[in-house]
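Each remark here refers to the structure printed beneath this line.
Here, each number is a calculation from the coordinates, and none is a lab measurement. Here the structure is a predicted model, which means the values were calculated and not measured. Using ideal geometry, Cβ is built from the backbone for each residue, glycine included, and neighbour counts are taken over all protein chains shown.
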Amino acid sequence: MNPMTVKDVSEASANFTTEGWMWAALVGFVCFLIAADLFIHRKGHVLSTRRVVIESIVWVTIGLLFTLVIAALGGGVAAGEYLSGYVIEKSLSIDNVFVWSIIFTSFGIASQYQRRVLFWGIFGALVLRAIFIFAGVALIERFAFMLTVFGVILIISGIKVFRHRADEGHAGHERAVKLLGRFMPVSKNFNGQHFTIIENGKRFATPLLAALVVVEFTDIIFAVDSVPAVLAVSREPFIVFSANAFAILGLRSLYFLLAGAKDRFHYLSHGLGAILIFVGLKMAISEWYHVPTLLSLGVISALVVGAIVISQIKVQRELSKQL
């Protein structure tokens, strides 16, 4: 049997024509959701656990329901690719949540101000992901060997994720703050929800702006893993961007829901690492063999659910020993 070419692989994947109105509708809907979220939380107050849970459910529901839109536009294969990409992004985003928690703690950012930082951080993440996605697709279409390169990157990243460090999130902290300091001096004083403050007639960046720079810096690092991971299941920019967008949009609520629960997900990093290794292998061998979309979705979902279940079993066992 002859090896599958890149063309053969693309034919085994979703392949539909994207028209301008589709992109306009997607971007418009995403902007509407961002504006609505900003309006609802304009006062910057601390939300109750019940409110955060409800909002998280709403965001996940929106992301899952968009599967139907993709199915209507591109068929079942496209819907499967979107759903796989969404599950990957949502799973990897949990890592973002824990890193953000460390960043906010290191800067001493109060809970009522964290939402504002995350809003602009997520907005910047959407722009960065869009750039990464189109650049990644262009590279794959122009240079077939980039499939193997991206696959190897994901495998290496997956191995590193297994070695979760307690100080993760501090990496790049000082570098990002120094970068901000080149453009504006950084003050230790806060000015409510504002990113700048006037001191002695001079404008300074507040710790909120410094934290935002670090959040954006770390998202670039995360994007190196997450974007190639989604490209491993789909090479349609519309599918990849929408999966990223809807997974990212609900991150603020997910953060306030899970930020303090890192110890309850002891084996999650192992599951995420396994996902990266799996999709890395899938991408690396895609020139010769296309792993069925439903199989990919099943493996990814099983790894996430398995990691969470095993983590909860560990927590329950530790609690029972203390009784």
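What does the C-alpha gyration tensor say about the overall shape of the chain? Classify as rounded when a/c is under 1.5, otherwise prolate if a/b is larger than b/c, or oblate. Prolate.
The relative contact order of the chain comes to 33 percent, based on Cα pairs under 8 Å that sit 6 or more residues apart.
Secondary-structure-derived ellipticity at 222 nm for the chain, considering helices only, amounts to -25500 deg cm²/dmol, per-run term -39500 (n - 2.57) for DSSP H runs with n ≥ 4. Beyond 24 Å between alpha-carbons counts as too far, so tell me which of Lys178/Lys202; Lys160/Lys282; Lys160/Lys314; Lys90/Lys178 fall in that bin. Those over the limit are Lys90/Lys178. Long hydrophobic helices in the chain, taken as whole DSSP H segments with a C-alpha length of 15 Å or more on their own axis and mean Kyte-Doolittle hydropathy at least 0.5: 20-40, 49-74, 76-107, 111-142, 146-162, 207-231, 237-249, 268-284, 293-322. Cα centroids of the stretch 227-279 and the stretch 62-89: 15 Å apart. Once each of the GluC sites (Glu not before Pro) sitting in a DSSP loop with at most 16 other beta-carbon atoms within 10 Å is removed, the chain keeps 169-323 as its longest stretch.
Given R₀ = 56 Å, FRET efficiency for Arg142-Gln312 by Cβ-Cβ distance, to 0.05? My answer for the efficiency is 0.80.
When the square roots of the Cα gyration tensor eigenvalues are ordered a ≥ b ≥ c, the ratio a/c for the stretch 180-323 is 1.5 or more and a/b does not exceed b/c, which makes its shape oblate.
Classify the stretch 29-163 as rounded, prolate or oblate, taking a ≥ b ≥ c as the square roots of the eigenvalues of its Cα gyration tensor: rounded when a/c is under 1.5, otherwise prolate if a/b is larger than b/c and oblate if not. Note, shape of the stretch 29-163 comes out oblate.
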